[in-house]
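The values are calculated or read from the model by the stated rules, or taken from the named source; none is laboratory data. As the structure is a computational prediction, the values presented were derived from the model and not from experiment. Every residue, glycine among them, receives a Cβ derived from its backbone with ideal geometry; neighbour counts consider all protein chains shown.
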Amino acid sequence: MASAAYAILALHFWNTRWRPEAAAARIGLRAWERVAILAPLALQGWLLYSDIVLPPQPLFGFADALSAMLWLAVLFYWIESFIYRLDGMLPPALGLAALCVPLPALFPGMAATYAASLEFKLHLILAMLAYSLFTLAMLHAVLMAVVERRLHHARKPAPGDAPGVLTGALGALPPLLTQERLLFRLIAAAFVLLTLTLITGIVFSETLFGKPLRFNHKTLFAILSWLTFAVLLAGRHFYGWRGRTALRWTLSGFVMLLLAYVGSRFVLEVILGRT
């Protein structure tokens, strides 16, 4: 039900925001649309709570991670919509959420003895928050690239339209400079959470395995992702990086972050059948 609701809403926002003739593109979210988004959000939140929090030995795998990431991403967009008109972000976010909601039922993950520990839960919450903010940053960066490309390579305008004018949801988005500031605020906040995730992971590893760092694919890609975003933020601060440069670094860091947990857990659970 949650997946179907997300899919219907994604189609609704695509039709009412992305089409050039869409009259609702400049209105922002209506009251009934906000309520409609909250319904599958609440249902998905309950499903995640039932899988991760309620069981004495919770199951948590790559499917739950993807579902939690997109749940938090949609929630952040819903809250963010009170400040900015970001209706154009909703079709991809809701569409991805529709795909990820059923995954825990198909790939339930495997129980681990440490999953119920307080250290693991703190590490998990920080990691999911970091993943979700980086997901938002990735969607922002991609949409900014689309807007910039439309502005620089505008098609021949229709009669009565001004050259290079964006229509539909793209035209209702904040200016590129505002979107850019929002993008780097998201990346900076996510970077802080990722740093805390790595720190709690080190502490958790020390408590559980007796050594602060287990060198494996997950650790390697997590550190590479952290270094990538550290370089991006430094480049932004010292050299004013923006545009395609920022997009490339953002996408590279996001891909490595996905490989760090989701990718490694997929290989372990689905391919190797291990925890």
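Could you list all residues from the range 242-254 that are surrounded by 16 or more Cβ atoms within 10 Å (Cβ to Cβ) and in a helix (DSSP H, G or I)? Talk me through it step by step, then tell me what you get.
Of all residues in the range 242-254, those surrounded by 16 or more Cβ atoms within 10 Å (Cβ to Cβ) come to 242, 246-247, 249-254.
Hits for the range 242-254 are 246, 247, 249, 250, 251, 252, 253, 254.
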Problem set entry | Selected residue (only one of 60, 13 is touching a strand residue (DSSP E or B) at 6+ places or on another chain (Cβ under 9 Å), surrounded by 22 or more Cβ atoms within 10 Å (Cβ to Cβ) and at pLDDT below 90) | 60
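Can you tell me which residue is modelled with the lowest pLDDT among those in the range 174-217 that are within 30 Å of residue 83 (Cα to Cα) and basic (Lys, Arg)? Step through it out loud before you land on a result.
Residues of the range 174-217 within 30 Å of residue 83 (Cα to Cα): 174-197.
Those left that are additionally basic (Lys, Arg): 181, 185.
Values: 181: 84, 185: 89.
Result: 181.
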For this session: Inspect all residues belonging to the range 78-87 and state whether any of them is of a type outside the set (Lys, Arg), at pLDDT 85 or above and in contact with a Phe, Trp or Tyr (Cβ under 7 Å, 6 or more places away or on another chain).
Result: no
